[in-house]
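A short write-up of the structure that comes next.
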Amino acid sequence: MLSNKVYMIAGGVLCVLFVALAMAEFSTGYPEDGLQDLFYAVLSAGAGTLLYVLDRRQRERRAAASAQRDAR
């Protein structure tokens, strides 16, 4: 299983990439494409955050189950 940091880094890298693409398209005169890239930036940041949260909850559940098993 990948660590939490990998999910955050992947979402952040994609977010930065799409923001850079949006800036390039805004400066070349394609504002509709720039807005679409900004949408993808928000989407990738949200996906990275969601994966991080889900992975963290799964680790917490595993730790609680392990602690409960050890208590028996």
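The values are calculated or read from the model by the stated rules, or taken from the named source; none is laboratory data. In this text, all values refer to a predicted model and were calculated from it rather than measured experimentally. As a convention, Cβ positions derive from the backbone with ideal geometry for all residues, glycine included, and neighbour counts pool all protein chains shown. Just the protein is used for accessible areas: all its heavy atoms, side chains included, with ligands, DNA and RNA removed. Shrake-Rupley method; radii C 1.70, N 1.55, O 1.52, S 1.80 Å.
Odds and ends about this structure:
- Scanning region 30-46 for residues that are open to solvent by 50 Å² or more (accessible area, probe 1.4 Å) and either assigned to a helix (DSSP H, G or I) or at positive phi (or both) yields 31, 32, 33, 35, 36, 38, 39, 40, 42, 43.
- Unmet requirement for residue 17, which otherwise passes all of (1) at pLDDT below 90; (2) surrounded by 13 or more Cβ atoms within 10 Å (Cβ to Cβ): (1)
- Qualifying positions in region 21-66 - farther than 14 Å from residue 6 by Cα and of a type in the set (Asp, Glu): 25, 32, 33, 37, 60
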